[in-house]
Amino acid sequence: MAVMNLEVLPPQQEEREAQRVQANREELVERIARAIREDGTIQPLPGLYLTRRSVPLEPLHSVVNPSLCVVAQGSKEVLLGENRYRYDPAHYLLATVDLPWVSQVLEASKERPYLSLRLELNPALVNSVMVEVGYFSASPITTDPMAMAVSPLDADLLDAAVRLVRLLDCPTEARVLLPLVSREIIYRLLIGEQGGRLRHLALSGGSTSHIARAVERLRQDFDQPLRIELLARELGMSVSGFHHHFKAVTALSPLQFQKRLRLLEARRLMLGENLDAASAAYRVGYNDASHFNREYKSLFGVPPMRDMQRLRTAAEEGAGR
């Protein structure tokens, strides 16, 4: 069960705790800013991503893996289906399955750039920590199956995040200590407010783990026709039950989920491999180019070619700064 500390701290101890939190927040800002000096995202260690932005950004469509997301400076908002999640230095975001989300940096400037870290949560490591602390025999403590949530960033989890970024200065030590710090972070998540969510999605039984398997299948076969009846049967679920549980976890229907994966990949192909819209549409599973164009405009706001012009212009302007 989650650890709930209801003890009231003496004033002096409370002041020391506040000072520790403030010192850790300042150190997290300083270390991330030093590690990434230009706008963008880097992966300095396996599974660890750092991001810096000096201006607020337009909404960005992408797929996020199971991750812990911590903002050191600034704030960010994530849109998943019709749900909005905003987080800042006092809050963390947890995603527990692969999800196609829309994210937007809200607060950023050259003087105070947006700085953040994202640590991917390896499922095998999560399972290992759960076994070690005996959580596989515990009942999930949340009835909310949604695979994303925002919670207050407590002092111990913040402290572990700081020690994680300290490893950037010690590559040799990082090879040994990164797995240990990652295990501690997972443990802190498990005993914290979102521990039930993390356990709920990692347990081997139950409808939520079935949906995690469905998400994995959809990511692998996004360009193939979606056969809901077959997928539901393989998971041992009714079609209506599969629809209900899938949307409860991902905030999207299976068809909407697949559509977003297809459109995101088509966008990547047009931008990264210079494909035209019709070729990209065919590669991701569309047989009707006009249908593809309509769905692309519905998601991204503009037709494919105009979107490519906009993205390339923005990239050129960014490179010229």
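Residues that are surrounded by 23 or more Cβ atoms within 10 Å (Cβ to Cβ) and of a type in the set (S, T, N, Q) within segment 84-127 comprise 96, 116, listed in sequence order. Residue under question is residue 285, and the condition is that it be farther than 30 Å from residue 198 by Cα, in contact (Cβ under 8 Å) with a residue 12 or more places away in the chain and outside any helix (DSSP H, G or I); does it hold? Here the answer is yes, as residue 285 does meet what is asked. Does residue 177 satisfy being modelled with pLDDT of 85 or more, part of a helix (DSSP H, G or I) and closer than 26 Å to residue 101 by Cβ? No, not satisfied.
Within segment 219-240, identify whether any single residue is polar (S, T, N, Q), surrounded by fewer than 17 Cβ atoms within 10 Å (Cβ to Cβ), on the phi > 0 side of the Ramachandran plot and not assigned by TED's automatic domain parsing to the domain that holds residue 48, and answer yes or no. No - not one qualifying residue is present in segment 219-240. If the condition is being of a type in the set (Val, Ile, Thr) and either more than 9 Å from the chain's Cα centre (by Cα) or at pLDDT 95 or above (or both), then segment 96-120 contributes 102, 105. Selection of strands (runs of 3 or more DSSP E) fully inside segment 37-119 by the criterion of at least 2 residues being farther than 28 Å from residue 313 by Cβ returns 40-45, 67-73, 83-87, 91-95. Residues that are in contact (Cβ under 8 Å) with a residue 60 or more places away in the chain and either within 24 Å of residue 278 (Cα to Cα) or in contact with a His (Cβ under 9 Å, 6 or more places away or on another chain) (or both) within segment 241-255 comprise just one, 245.
This table checks each residue for (1) out of contact with any Leu (no Cβ under 8 Å at 6 or more places or on another chain); (2) within 13 Å of residue 119 (Cβ to Cβ); (3) surrounded by fewer than 16 Cβ atoms within 10 Å (Cβ to Cβ); (4) of a type outside the set (A, V, I, L, M).
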{"residue": "161", "(1), (2), (3), (4)": "no, yes, no, no"}
{"residue": "179", "(1), (2), (3), (4)": "no, yes, yes, yes"}
{"residue": "183", "(1), (2), (3), (4)": "no, yes, no, yes"}
{"residue": "186", "(1), (2), (3), (4)": "no, yes, no, no"}
{"residue": "192", "(1), (2), (3), (4)": "no, no, no, yes"}
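Residues in segment 81-98 that are charged (D, E, K, R) and touching a strand residue (DSSP E or B) at 6+ places or on another chain (Cβ under 7 Å): 84, 86, 88, 98.
The values are calculated or read from the model by the stated rules, or taken from the named source; none is laboratory data. Treat the numbers as computed from the prediction; the structure is a model and nothing was measured. Cβ atoms come from the backbone with ideal geometry, glycine included; neighbour counts cover every protein chain shown.
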